[in-house]
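Okay, so here's the structure we're looking at.
Here, each number is a calculation from the coordinates, and none is a lab measurement. No experiment lies behind these values; they were computed from the predicted model shown. Using ideal geometry, Cβ is built from the backbone for each residue, glycine included, and neighbour counts are taken over all protein chains shown.
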Amino acid sequence: MAGGIRDTDDLADNHEINVTPFIDVMLVLLIIFMVAAPLATVDVNVDLPVSNATQAERPEQPVYVTVRPDLTLALGNDDIAPGGLAAALEAATGGDREQRIFLRADAAVAYGDLMGVMNGLRDAGYLKIALVGLDAVQAAPEAAAPVPAGGGAP
């Protein structure tokens, strides 16, 4: 052939995939998701309404279980021996496990300890438990008698 043109190339065929464009595309997608992800999680500010539910009626002889700051229990005004919660409730309710138990605890009692007492009530078969609190009007220091706050957990 004229001019010295050869039919064979000096370079061999390369059968490997060039991953550089793939890496570039992946990095661009990563940056897009890193920028877009925080925009997708939006915190919604909600002003919750104040409860306007009427107070539950108090029975003539409510059964109060009290948890003191030192974690001793009392049924009404009588102390309960450790481990004697079920027997004391059986005597106070006459075996009526459908009767609502009003549970009140000192503010210093830890949540876990209060849940332990509630589990003891449930294990004894009393599932209608009402938590007792003070109304905002009665929250003054001179308020002595707690008022049942709502229905509780059946």
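Brief remarks on what is shown
- By average C-beta atoms within 10 angstrom, highest first, the peptides 85-98, 26-39, 63-76: 63-76, 85-98, 26-39
- Here the gap between A37 and L131, fully extended at 0.36 nm per residue and compared with their Cα-Cα distance, gives a gain of 29.6 nm.
- Contour excess over end-to-end distance, with Cα ends at T20 and R122 and 0.36 nm allotted per residue: 30.3 nm
- Theoretical gain in end-to-end length, D10 to E57 [0.36 nm per residue, Cα-Cα removed]: 7.0 nm
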